[in-house]
Amino acid sequence: HMLDIECFSFLNRALENDMAPVLVVATNRGITKIRGTNYKSPHGIPIDLLDRLLIVTTVPYTERELRLILDIRCEEEDVEMTEDAKDLLCKIGHETSLRYSIHLITAAALVAHKRKSAEVEVEDISRVYALFLDVQRSTQFMVEYQEQFMFNEVPEECGDEMDV
């Protein structure tokens, strides 16, 4: 989430109203500073608001679930794909993100169409994987070549310490 202390104050007041809204908050932050303060709290959410929330845990998708989602997405986008290509796409989704692997479906379909194939194959997935970076590879690239970019704000000694 990107909420700061002023937003949390507003939400607290809104939740006290008779016509209080249903509030759904999603976050991947651990114990961290509440934006706009020097205080640390679980999820970066003030304790008084955290006490009012019903916290639901989530788990990552299994490979079987990823495969099912990717199958549905291929069907929705009218993309025919070989089983090996779907396996590779599922592996990429498991190692990077579901969103990234879904983006590769359309790009791979365009590559297959360009070579006049009705079906996306492993080579098409590999080609677009090489062309389009996921977040981890993009971050790694930026760290390696940061001194060559304009407006580089990361000191050279800090570049080695960044999580990739």
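Filter segment 47-62 for residues that are open to solvent by 100 Å² or more (accessible area, probe 1.4 Å) and either aliphatic (A, V, I, L, M) or assigned to a helix (DSSP H, G or I) (or both) and give the result.
Looking only at segment 47-62, we keep the residues that are open to solvent by 100 Å² or more (accessible area, probe 1.4 Å), and these are 51-52, 54-61.
54, 55, 56, 59, listed by residue number.
Condition first: touching a strand residue (DSSP E or B) at 6+ places or on another chain (Cβ under 7 Å) and over 16 Å from residue 56 (Cα atoms). Can you find one or more residues in segment 7-27 that meet it? Even if it seems obvious, please write down each step before you answer.
Going residue by residue through segment 7-27, those that are touching a strand residue (DSSP E or B) at 6+ places or on another chain (Cβ under 7 Å) are none.
Within segment 7-27, none of the residues are touching a strand residue (DSSP E or B) at 6+ places or on another chain (Cβ under 7 Å) and over 16 Å from residue 56 (Cα atoms).
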Selected residue (criterion: modelled with the lowest pLDDT) from residues of segment 31-46 that are more than 12 Å from residue 3 (Cα to Cα) and surrounded by 13 or more Cβ atoms within 10 Å (Cβ to Cβ) = 32
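Could you list, in sequence order, the residues of segment 1-23 that are closer than 18 Å to residue 34 by Cα and in a loop (DSSP other than H, G, I, E, B)?
At the first step, the residues of segment 1-23 found to be closer than 18 Å to residue 34 by Cα are 1-13.
Answer for segment 1-23, where residues must be closer than 18 Å to residue 34 by Cα and in a loop (DSSP other than H, G, I, E, B): 1, 2, 3.
What is the residue count in segment 8-30 for residues that are touching a residue at least 12 places away in the same chain (Cβ under 8 Å) and of a type in the set (D, E, K, R)? Reasoning before the result, please.
Residues of segment 8-30 touching a residue at least 12 places away in the same chain (Cβ under 8 Å): 8, 11-12, 15, 23, 25-27, 29-30.
Narrowing the set further to residues that are of a type in the set (D, E, K, R) leaves 29.
Adding up the residues that qualify gives 1.
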Tell me which of these residue 28 doesn't satisfy, since it passes every other one: (1) modelled with pLDDT under 90; (2) open to solvent by less than 90 Å² (accessible area, probe 1.4 Å).
-> (2)
Counting only residues that are assigned to a helix (DSSP H, G or I), open to solvent by 30 Å² or more (accessible area, probe 1.4 Å) and touching a strand residue (DSSP E or B) at 6+ places or on another chain (Cβ under 9 Å), how many does segment 72-90 have?
-> 1
Which condition number in (1) within 30 Å of residue 83 (Cα to Cα); (2) touching a residue at least 12 places away in the same chain (Cβ under 8 Å) is the one that residue 58 fails?
-> (2)
State which residue pairs qualify: first residue exposed (fewer than 14 other Cβ atoms within 10 Å of the Cβ) and inside segment 91-116, second residue assigned to a helix (DSSP H, G or I) in any location, beta carbons under 8 Å apart, and separation of 6 or more residues or different chains.
-> 115/124
Report yes if residue 89 is touching a Ser or Thr at 6+ places or on another chain (Cβ under 6 Å) and farther than 30 Å from residue 6 by Cα, otherwise no.
-> yes
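The values are calculated or read from the model by the stated rules, or taken from the named source; none is laboratory data. This structure is a prediction, so every number in the text was calculated from the model and none was measured. Here the Cβ is made from the backbone with ideal geometry for all residues, glycine too, and neighbour counts use every protein chain on show. Heavy atoms of the whole protein, side chains included, go into the accessibility calculation; ligands, DNA and RNA do not. Shrake-Rupley method; radii C 1.70, N 1.55, O 1.52, S 1.80 Å.
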